[in-house]
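Input: a single structure, listed below in structure tokens.
The values are calculated or read from the model by the stated rules, or taken from the named source; none is laboratory data. Bear in mind that the values here come from a model prediction, so they are computed numbers and not experimental data. Positions of Cβ are generated from backbone atoms using ideal geometry, with glycine treated the same way; all protein chains shown enter the neighbour counts. Keep in mind that these areas ignore ligands, DNA and RNA; they rest on the heavy atoms of the full protein, side chains included. Shrake-Rupley method; radii C 1.70, N 1.55, O 1.52, S 1.80 Å.
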Amino acid sequence: MSSSVEPTNLMEAIVSLAKRRGFIYSSSEIYGGFNGFFDYGPLGAELKKNIRDCWWNDMVRRREDIVGLESSIIMHPKVWEASGHVAGFTDPLVDCKVSKMRYRADQLFFSPVIVDGKIVGYVSALESEKTTEDLQSAAESFKRKKALQGTLTPVTPKDFTEAQEAEIALIPSPATGEPGSLTAPRAFNMMFQTNVGAMSDASSVAYLRPETAQGMFVDFKNVVDTTRVKLPFGIAQIGKSFRNEITPRNFIFRSREFEQMEMEYFIHEDADWAKCHEEWIVWCETWLKSVGLPDSHLSRYTHPKEKLAFYSRGTVDIMFKYPFGVQELWGIAARGNYDLTQHATASGKPQEIFDETTKKKFVPHVIEPAVGVDRILLAVLCAAYAVEDVPDEKGNIEQRTVLRLSPRLAPFKVAVLPLIKNKELLVGRARDLYTKLKRKYAVFYDDGGAIGKRYRRQDEAGTPWCVTIDFDTIEKPGDTFTLRERDTMQQRRITEAELFALLDEHVY
RNA sequence: GCGGCUAUAGUUUAAUGGUAAAACCUCUGCCUUCCAAGCAGGUGUCGUCGGUUCGAUUCCGACUAGCCGCUCCA
């Protein structure tokens, strides 16, 4: 039924629809746009709000063990020193001037080639399961090529961030195999800086938060002391974060200003963190399916142990199959007690909980599910977008573009349409119904053009239902309307009470 | 940031060294008894800045933005 669309064309079609129907515009468009920033139009704002509301309701309001928080975007600069972002939120990058390839310095390995105890040259290799073997065989062929005699010392892999200045000129580029083309690693901190107060000097530097998580850690004691929470419990937050990405890419997938939904779930230091971690992964997967992402597009990626940050015990990403590839959607990290410990040390304020049974104090450990609102929104749009071949009354095939958004997320839940607009009674009843529905739901009223055109317009906006006030409504007993379903295009008659019941069931 | 390609109406695309065209969308009016009907109208600083030229949307350069790759991640 759905016609197959090429991935890049599919992405272009979605971007085009998003613009045309008022979901997403590029930021500052009249000034030529601004790379990495986007605006959400009337429909996009509704869709995004619905994603936030669904998450907040399911994560906070419908649970007994999680409370909400809204911390400030600009926090004390010491927060980011303690969290490690000032020193560590960087990507050391190395360029090969000849091949124009770019490498992350910590993923590029090298070793001196030592023959009879003397360094005779260098070899390099990219990170893989067999980096050491690659380096070893490179060293052996190096020795062979130079026709050197003597004993080859086994290679000692070091990553490029450890390379001495003198060594950099001697290390061959993995692309060319020749030395002399690699640059020294350049650090690039992804935090946006600003100045607070009237003076703009070093003492006034502050950062736009690169993640919302630190707000939960910094306010941990406040929440514990003021809200009677007991372990295990979580603190959740939705808010904007900012990262000065080198290359924003793939529409809203990677942007410089984005919105996160994060939750820090604090558990006893002796609790079974692995079990808790798995439970949260399952929770997140279930949630994604509940907002309409198909199982077939979801997968898991478990970060290999050796690539984990030193404080992390395990990280699993829930991946989504976007048109441009399988990419990260939701990261669920077991962070141990690293963050609270860091803030306790940096602030001098203990971040501990008292265990009534053991009579001992301890720093709780944490499981962190972190997801981007914009990424969910993009995934939802991609999953919902479909172009169908539909026969018209003469049997000719024409195309119908439809967004199969879940009723929970759809910007408008229902459109109210008088069958024709030059009959006072139809319009009057339609306006009356519209006014009633509007008190509780996002509803759209449309009386322009032929009825079929209005149905299709709503299909593109993702509205799950249309109700049409027709002549049966005003002439026959029962006060019923035509209910037209977006996905099946089927129609049935429905009363006002039944319509409210239908919405109440599907929109929550 | 580096390399390649690109930029014309809200969208998708034409044409042209002499101030631009179509379809769809949108808006107004008429009409319309269930799947993008019809009729009549309305809506456009060729991404920005500079250069060549009598004259640039067209040729050249820079900038900005987009796509693809390197890279990154919520």
Within the stretch A:446-469, work out how many residues are within 6 Å of RNA strand B (Cβ to nearest atom) and within 34 Å of the chain's Cα centre (by Cα). 4
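May I ask you to list the residues in the stretch A:341-369 that are assigned to a strand (DSSP E or B), out of contact with any Leu (no Cβ under 8 Å at 6 or more places or on another chain) and open to solvent by less than 50 Å² (accessible area, probe 1.4 Å)?
Residues satisfying the conditions are A:355, A:362, A:365, A:367, A:368, A:369.
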Among the residues of the stretch A:194-212, write down those that are at pLDDT below 85, at negative phi and open to solvent by 30 Å² or more (accessible area, probe 1.4 Å). A:198, A:199, A:200, A:201, A:202, A:203
When the residues of the stretch A:22-41 are filtered to those that are out of contact with any Pro (no Cβ under 9 Å at 6 or more places or on another chain) and touching a residue at least 60 places away in the same chain (Cβ under 8 Å), which remaining residue is most open to solvent (accessible area, probe 1.4 Å)? A:38
In the stretch A:370-386, how many are more than 9 Å from RNA strand B (Cβ to nearest atom) and not in a helix (DSSP H, G or I)? 2
For strands (runs of 3 or more DSSP E) lying entirely in the stretch A:399-501, having 2 or more residues that are of a type in the set (Lys, Arg) picks out A:491-495
With a cut-off of at least 2 residues that are within 28 Å of residue A:338 (Cβ to Cβ), out of contact with any Leu (no Cβ under 6 Å at 6 or more places or on another chain) and at pLDDT 80 or above, name the helices (runs of 4 or more DSSP H) lying wholly within the stretch A:70-157. A:77-83, A:85-88
Residue by residue through the stretch A:327-339, note down the ones that are more than 17 Å from residue A:384 (Cα to Cα) and either within 11 Å of RNA strand B (Cβ to nearest atom) or in a strand (DSSP E or B) (or both). A:327, A:328, A:330, A:331, A:332, A:333, A:334, A:335, A:336
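Please find, within the stretch A:470-487, the residue that is surrounded by the fewest Cβ atoms within 10 Å (Cβ to Cβ) out of those that are of a type in the set (Ser, Thr, Tyr) and near RNA strand B (Cβ under 8 Å from one of its atoms). If you could, list the steps in order and put the result at the bottom.
Step one: list which residues in the stretch A:470-487 are of a type in the set (Ser, Thr, Tyr), which gives A:473, A:480, A:482.
With near RNA strand B (Cβ under 8 Å from one of its atoms) added as a condition, the list becomes A:473, A:482.
Numbers: A:473: 22, A:482: 18.
Among those residues, the one meeting the criterion is A:482.
Out of the residues in the stretch A:415-425 that are near RNA strand B (Cβ under 9 Å from one of its atoms) and modelled with pLDDT under 90, state the one that is surrounded by the fewest Cβ atoms within 10 Å (Cβ to Cβ).
In this case the residue turns out to be A:422.
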Subset of the stretch A:387-401, residues hydrophobic (A, V, I, L, M, F, W, C) and near RNA strand B (Cβ under 8 Å from one of its atoms), comes to A:390
Quickly run through the stretch A:303-321 and pick out the residues that are more than 25 Å from residue A:131 (Cα to Cα), within 11 Å of RNA strand B (Cβ to nearest atom) and open to solvent by 10 Å² or more (accessible area, probe 1.4 Å). A:319
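Got a sec? Which of A:66, A:74 is open to solvent by 50 Å² or more (accessible area, probe 1.4 Å) and among the aliphatic types (A, V, I, L, M)?
Exactly one residue qualifies, and that residue is A:74.
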For the list (1) under 29 Å from residue A:407 (Cβ atoms); (2) open to solvent by 30 Å² or more (accessible area, probe 1.4 Å), I need the number of the one condition that residue A:249 fails. (1)
Being under 15 Å from residue A:501 (Cα atoms) and in contact (Cβ under 8 Å) with a residue 12 or more places away in the chain narrows A:441, A:445 down to just A:441
Determine the pairs where a residue that is touching a residue at least 12 places away in the same chain (Cβ under 8 Å) and outside the structural domain of residue A:446 (by TED's automatic domain parsing), located within the stretch A:463-486, has a partner that is open to solvent by 50 Å² or more (accessible area, probe 1.4 Å) and near RNA strand B (Cβ under 7 Å from one of its atoms) with Cβ atoms under 8 Å apart, the partner being 6 or more residues away or on another chain. none
For residues in the stretch A:200-226 being part of a strand (DSSP E or B) and not aromatic (Phe, Trp, Tyr), which is farthest from residue A:259 (Cα to Cα)? A:205
Name the residues in the stretch A:273-318 that are free of Cβ contacts under 8 Å to residues at least 60 places away in the same chain, in contact with a Ser or Thr (Cβ under 9 Å, 6 or more places away or on another chain) and within 17 Å of residue A:54 (Cβ to Cβ), would you? A:318
Residue under question is residue A:404, and the condition is that it be farther than 21 Å from residue A:379 by Cβ and open to solvent by 30 Å² or more (accessible area, probe 1.4 Å); does it hold? no
Being over 29 Å from residue A:489 (Cα atoms), in contact with a helix residue (DSSP H, G or I) (Cβ under 9 Å, 6 or more places away or on another chain) and outside the structural domain of residue A:461 (by TED's automatic domain parsing), is that true of even one residue in the stretch A:386-403? no
Could you say which residue among A:444, A:412 is in contact with a Phe, Trp or Tyr (Cβ under 8 Å, 6 or more places away or on another chain), open to solvent by 60 Å² or more (accessible area, probe 1.4 Å) and either over 24 Å from residue A:290 (Cβ atoms) or of a type in the set (Phe, Trp, Tyr) (or both)? A:444
